[in-house]
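Each reported figure results from applying straightforward, stated rules to the coordinates on display, with no laboratory input. Since we're looking at a predicted model, the values are computed, not measured. Glycine also receives a Cβ, built like all others from the backbone with ideal geometry; neighbour counts cover every protein chain displayed.
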Amino acid sequence: MKHLHDNHYVYIEPFRPPFPFLVVLGVVVVVIGLTADWLNGLPVQFVGPVLYPIERLLNAAFFPDAQTPLRPNGSALLVLLPTVGLFAAIYFGARAIFRAAQRVLRPFVERR
């Protein structure tokens, strides 16, 4: 916002968004989208063939009737990111539950 003060100089205040995390998240989404588009344009497919066996095993385990396509690089990247996030959430959640159970049960185990 521009303010005119007594000394007749115009000061420009910096832009402060109400939710700065959303601005960062928007930039990350745009960068990932542009990266996926760039990867789809490459002549050599390397992300899709690496992801295909993993995705096929997971589909066979959880969705037996699903058809697993061989995806191009960018699409495989967009499938890989939430898959890695899901596995990370499961791992860290299970680890936190295990450590909490150890803390709760430790006094009972040490009484022997």
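Key figures
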{"item": "Inter-label distance, nm, simple model (7 Å from Cα along the C-beta direction), V24/F62", "result": "2.8"}
{"item": "Sequence ranges 87-97, 70-80, ranked by mean other-Cβ count within 10 angstrom, highest first", "result": "70-80, 87-97"}
{"item": "Under 17 Å from the I54 label point (7 Å along Cα→beta-carbon), backbone N, segment 76-112", "result": "76-92"}
{"item": "Cα gyration tensor shape for the chain, rounded if a/c is under 1.5, else prolate or oblate", "result": "oblate"}
{"item": "Debye log10 I(q)/I(0) for segment 9-50, one point scatterer per Cα, at q = 0.14, 0.20, 0.24, 0.34 Å⁻¹", "result": "-0.55, -0.74, -0.85, -1.08"}
